[in-house]
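**Student:** Quick one: structure below, then a few questions.
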Amino acid sequence: MWLCIIIGVLLVATIIWFIRRQRSLKLRAHLMQEAIRNRDFTFRLPTDGLLPGERAMQQTLNQLGETIRQQVNQNEVESWERLTRVLTHEMMNATAPITSISQSMLGRDDVKDTPLEPGIQAIYDTSRHLSEFVKNYRKMSELEKPVLADVPIRPLIDDVCKAYPDLTWEVSIPSDIIVRVDAGMLRQVLMNLIKNAVEAEAKKIVITPNDSPSTNQLRLYIGNDGLPIPAENRQSLFVPFFTTKRSGSGIGLSLSRRMMIQQGGMLDLAEKPLSGCHVGFILTMLIS
């Protein structure tokens, strides 16, 4: 009789555990679905407390979200690149003759010191500005293919630090980490991030490893204590030519992201800056 009671209790407990387990898994599926629907591909669920098969499935889903995010960003960059080529061609065809003709007219005696000169000068200055704008477009479409090599990451970061001796640096990168990158491109990306930080009045730079969803990737957190990025600008941060600075071209971050994608990596804005930082970026690259 006692055996029957024990078996009954175990059976009831198993049923209750099974029902709760299914509810938990259903909730996980719902959360992942909502994250994808909202285009939040950085969403991750913990794998602690799961059975081996459930843990493997959750790890796969987490990695799938990262893969989708990278593919979406790559497609976005490729779309901007195609648009860039078209706009570059059309704008060069339009601005080149205007610049040439207006410059020629400014040198004529019947134009100098007449009411016509200020107007023609304005035309010339505007066309020159558009030409500079086109040059920035070309930077987006004429990137050379990266030459990947095994590069020790710490010495490269130390070289960047030396270029900005007035900043306070907090670098916690092990000296034995080797990444598979184009050293020149990676240095330019780092310099772009630091330059932006300085322009945002940063005094301190923090570079530290960040949790990575894959064992063959290194994710670096690069943060600073400069002016925070307004919430309304975060979505447009990597859109080519978007800038909030009067003298900015809006090409630095979009160009940096494209260079990282070409190397099999990624550049993202951190969802939440670390303590002591107002802005943070996540730099993802392959480990050798």
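The values are calculated or read from the model by the stated rules, or taken from the named source; none is laboratory data. Remember, it's a predicted structure, so these values are computed and weren't measured experimentally. When the accessible area is computed, the model is the full protein with side chains, heavy atoms only, and any ligands, DNA or RNA have been set aside. Shrake-Rupley method; radii C 1.70, N 1.55, O 1.52, S 1.80 Å.
**Student:** Hey, which lysines would be in cross-link range of Lys135, C-alpha to C-alpha under 26 Å, not counting anything within fewer than 8 residues on its own chain?
**Tutor:** Candidates past the 8-residue exclusion: Lys145, Lys195, Lys245.
**Student:** Here's another thing I want to ask about it. First compute the accessible area of segment 154-288 with a 1.4 Å probe, then give the percent of it belonging to carbon and sulfur atoms.
**Tutor:** 50 percent
**Student:** State in Å² the accessible area per residue of segment 103-236; use a 1.4 Å probe, count heavy atoms of protein chains only, and round to the nearest integer.
**Tutor:** Working: 7820 Å² over 134 residues.
Counting only protein heavy atoms, the per-residue value for segment 103-236 is 58 Å².
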